[in-house]
Amino acid sequence: MFGIVLALLSALILGFSQIIVRKNLGKSNFVYISLTVTIMGNIILWPLALYFTNLNAINLERLLLFVLAGLFAPGIARLFYFKGMETAGVSANSSIFATHPLFTSIIAILFLGEVLSADNWIGLVSIIAGAMFIGRHLNSNAQPKHSSKKGFIVPVLGSLALAFSQIVRKEGLNIYNQPLLGVAIGYSTSLVIYLIVIAFSKDSRPRKYSRADLQMFWKPGIGIAMGWMLSFLALSQEKVSVVVPILQIELLFILFFAYVFLRKLENFSLKLVASALLIIAGIILLSIN
């Protein structure tokens, strides 16, 4: 029961944090937002990781899997997540990102030889159908400024990166079960990626990264780091098949908060809500062992 409560709190905090990011999205850009969120995560996660990890048992070869997982997510996935907010809007972007179990399952079938049940296949079809409805929603409604059919591609690629990260992270934890250290290493890997992107970017930005970015996004950065920690604690208390579907309720919290706080910034439709519910139902079916 305690694990279920932790998973719900994680979904709530993560959902609200994304809304705070969206409110200030036009005042910065997706790279600076990713950098700020990751800086705050490193500040919070590393002291905890060092305190709870047996440093005498560290093996550098085992840590490489956590580095690779961090490259995919938060690294690449986070960049695409915040870029997807610009191109698709927070509600549609979050709905598409929620389809990552679909890609995880496909990867598991193709490369790990896993077999799915009839319920799992129905779940896959539901997720695909929900994502297709969201794609139609993006094409038929005026979403944020730069929304277009191409805006659908960004969160799909981010969702794929998240799926690869989960596969690699799971393998890393099987070999070296230190989740807090794994998350902290992933955050540090992401930080290096964002600094490299900023240093070598040829894109002309209206301004450089500044204290203003930190002031706007440090709060959601703390929220996102707390959400990640709570999700790991939930997994330590409860079965994966129970926790994963509950974590996807984040999508419903995002839709609710978007309706309450972002109605002037984004279009909100019942079709989008129905598509999100279809995806969540598919994730639940996909999680059945």
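Tell me which label goes with the value of Rg and Dmax of the Cα atoms in Å computed from the coordinates here: (i) 37.4, 146; (ii) 19.8, 64; (iii) 18.2, 57.
Computed from the coordinates, Rg and Dmax of the Cα atoms in Å corresponds to (iii).
Within the chain, which whole H helices from DSSP have a Cα span along their axis of at least 18 Å and a mean Kyte-Doolittle hydropathy of 1.0 or more, if any?
2-23, 30-52, 153-175, 179-200, 270-286
For segment 173-264, which trypsin sites (Lys or Arg not before Pro) are both in a DSSP coil and crowded by at most 14 other Cβ atoms within 10 Å? Don't jump to the answer; show the numbers that get you there.
On the way: sites: 202, 207, 208, 211, 239, 263, 264; in loops: 202, 207, 208, 239, 263, 264.
Sites meeting the loop and neighbour criteria: 202, 207, 208, 239, 263, 264.
Which entries of 83/208; 83/264; 23/202; 170/239; 83/239 show an alpha-carbon separation above 23 angstrom in the structure shown?
23/202; 83/239
Based on the mean of other beta carbon atoms within 10 Å per residue, what is the order of 221-232, 68-79, most packed first?
Put in order of decreasing packing, that is 68-79, 221-232.
Could you size up the charge dipole of the chain around its Cα centre, putting +1 on the beta carbon of Lys and Arg and -1 on that of Asp and Glu, and report it in debye to the nearest 20?
Computed charge dipole of the chain: roughly 1140 debye.
Charges at C-beta only: +1 for Lys and Arg, -1 for Asp and Glu. How large is the resulting dipole of segment 11-109 about its Cα centre, in Debye rounded to 20?
Computed about the Cα centre, the dipole is about 260 debye.
Normalised by the residues of the chain, what does the relative contact order come to in percent, with Cα pairs under 8 Å and at least six apart?
Values: 427 pairs, mean separation 128.1, N = 289.
The normalised contact order for the chain reaches 44 percent.
Would you work out which of 7, 26, 182 lies farthest towards the positive end of the dipole of the chain? Charges go on Cβ: Lys and Arg +1, Asp and Glu -1.
26
Go through 24-34, 183-193 and give me the packing order, highest mean Cβ count within 10 Å leading.
Details: 24-34: 19.6, 183-193: 22.3.
Ranking, from highest mean packing down: 183-193, 24-34.
Please name whichever of 245, 107, 154 sits farthest to the positive end of the charge dipole of the chain, dipole taken about the Cα centre and charges placed at Cβ: Lys and Arg +1, Asp and Glu -1.
Working it through, the farthest residue towards the positive pole turns out to be 154.
Which of 168, 197 comes first, and how do the rest follow, when ranked by fewest Cβ neighbours within 10 Å?
197, 168
Read-outs throughout are calculated quantities, based only on the coordinates presented, and are distinct from any laboratory measurement. Values in this document were obtained by computation on a predicted structure and should not be read as measured data. Every residue, glycine as well, gets a Cβ built from its backbone with ideal geometry; the counts of neighbours run over all protein chains shown.
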